[in-house]
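Take a look at the structure set out below.
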Amino acid sequence: MNLDQRLTDALDSAARTVPDDAVPAEIVNTPVRRTRPVLVVALAAAAVVAAVAVPVALSRNHDPQVTTGSCATPPAVEPLEYSQVNGTKPATPEVDRMPFGAPPRVPFTMAPNREGTGGYLEDNGVRTPVETGYTYFGLGRVDCGWIIGRQRYGPGGELVIGRLDTSGAFNSFGAVSGDGMGLSPDRSEVAFVAPTGDGQARVAVRNVATGKETASWPTDLEAEVLGWNGAGIWFMPRGERTQTRVWKPGSEPVPVDTEGRRLTAYRTTDRILLSEPAQTGEDGQGPGPCVRVAELDGTRLRTLREQCGSSTAVLSPDGKILVAEGATVGAVVVDTGAKTRLQLSPRLLHADYPGVWEDDTHLIGQMGLGTNRDITLRCDVVNGSCERIQDGPRQGGLPGPGIGRP
């Protein structure tokens, strides 16, 4: 599913006006694409920004956030609350039994409505108001701010990528034409597909502090950035898995065979996820419903762990735990094969490559249940326990929290 389709689906979902008494014949669960959670947020009243230290605790275990100097103090903003009640459309006893837990420990957005007339991005207790009338997607923490995807609310709005700092100022890095993005392992640069204006595009690399372009490589408008790790920037021209490339700026991209699977690279580990295998053809040939964890060995991928019975999965930030979705949702320790079954059914947690982790062992999922119930869950993949962060009606309630990437 490309970015335009994800955005369209999300905006359509936000605008739905299904009557409260409409009950489907069976529960329809709608996974929320966590890579780019859609939530409209706005800029609060202007305030003088002082250059003083702000306790922006943007660190995550093995992946500390580098902070240089002092961060700007955000203007004051009125806090909003998201719903924590048992939904009734549909009633879901499995969810109702889950306790409520702490707020998300990743960046998330909150707004008083779905029309872009107020709100903020919150991260570890720091609330930063943002400009009105836009849809925002949290893509990763950087020094004293966040990499953000931003699109004007409503049809026809151009999607741009840029940096939001703690003052609320947004520095645009330009339009995005393809899907995906990659934040460098040290968070100092970001890679994305940018249109060139001649029907083509380039993989552009920008310095997150200055916004200056530091490198680029020609590609097509439908290319996708798959991540950035120690091996380089991974991307797919034209969405073709057989055309997956790894590129270190300053050299030419190198083709890598993924055997028909989708590759996902993570900046916090050199281990790679291979998921969503190509469908078996009429001749019966195909990779089958298995996912793999691999690492680059020269120009080839060497498999470290294969888990069959599932075509979707997500890998933990340290590359040590694979969570796969099949008849159940289970976590597998990559090095040993030890398994833990998560204490919920697959219909409540969609384990796939855009999954958002709070740390190396806590996975967040968002799901729409039935006609009028949205939930946000947190699962501990070591002991299998799960809890609710948010639970409430899709209509008549706050449209948050919109989960972003740490």
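Taking a point 7 Å out from the Cα of LYS339 in the direction of its Cβ, the residues of region 313-329 whose backbone N falls within less than 14 Å of it are 322-329. Distance from the Cα centroid of region 88-166 to that of region 169-213 is 21 Å (rounded to whole angstrom).
Each residue, GLU259 and ASP359, gets one label point 7 Å from its Cα in the Cβ direction; the gap between the two is 3.5 nm. Sorting 325-334, 134-143, 196-205 by their mean Cβ neighbour count within 10 Å, with the most densely packed peptide first, gives 134-143, 325-334, 196-205. For region 292-406, the Cβ-based charge dipole about the Cα centre amounts to some 300 debye (Lys, Arg positive; Asp, Glu negative; other atoms uncharged). As an equivalent ellipsoid, region 329-406 spans semi-axes of 25, 13, 10 angstrom, where each value is the square root of five times an eigenvalue of the C-alpha gyration tensor, largest first.
Spin-label pair SER216-LEU304: with each label point 7 Å from Cα along the Cα-Cβ axis, the two points sit 3.5 nm from one another.
May I ask for log10 I(q)/I(0) of region 172-306 at q = 0.10, 0.11, 0.17, 0.18 Å⁻¹, from a Debye sum over the Cα atoms as equal point scatterers with solvent left out? Per q value, in the given order, log10 I(q)/I(0) is -0.33, -0.39, -0.88, -0.96.
Highest average first, the peptides 260-270, 302-312 ordered by how many other beta carbon atoms sit within 10 Å of their residues are 260-270, 302-312. Length available on full extension from VAL85 to ALA175: 0.36 nm per residue minus the Cα-Cα distance, which gives 28.5 nm. This model, with +1 at the C-beta of Lys and Arg and -1 at the C-beta of Asp and Glu, gives region 119-260 a dipole about its Cα centre of some 260 debye. For region 199-332, a simple Cβ point-charge model (Lys and Arg +1, Asp and Glu -1, everything else neutral) yields a dipole of about 500 debye relative to the Cα centre.
With the simple spin-label model, which puts each label point 7 Å out from Cα in the Cβ direction, the GLN200 to ALA102 separation comes to 5.0 nm.
Just so you know, all these numbers are worked out from the coordinates, no wet-lab data involved. The structure displayed is predicted, hence computed values, not measured ones. Methodologically, a virtual Cβ is constructed for each residue, glycine included, from the backbone with ideal geometry; neighbour enumeration extends over all protein chains shown.
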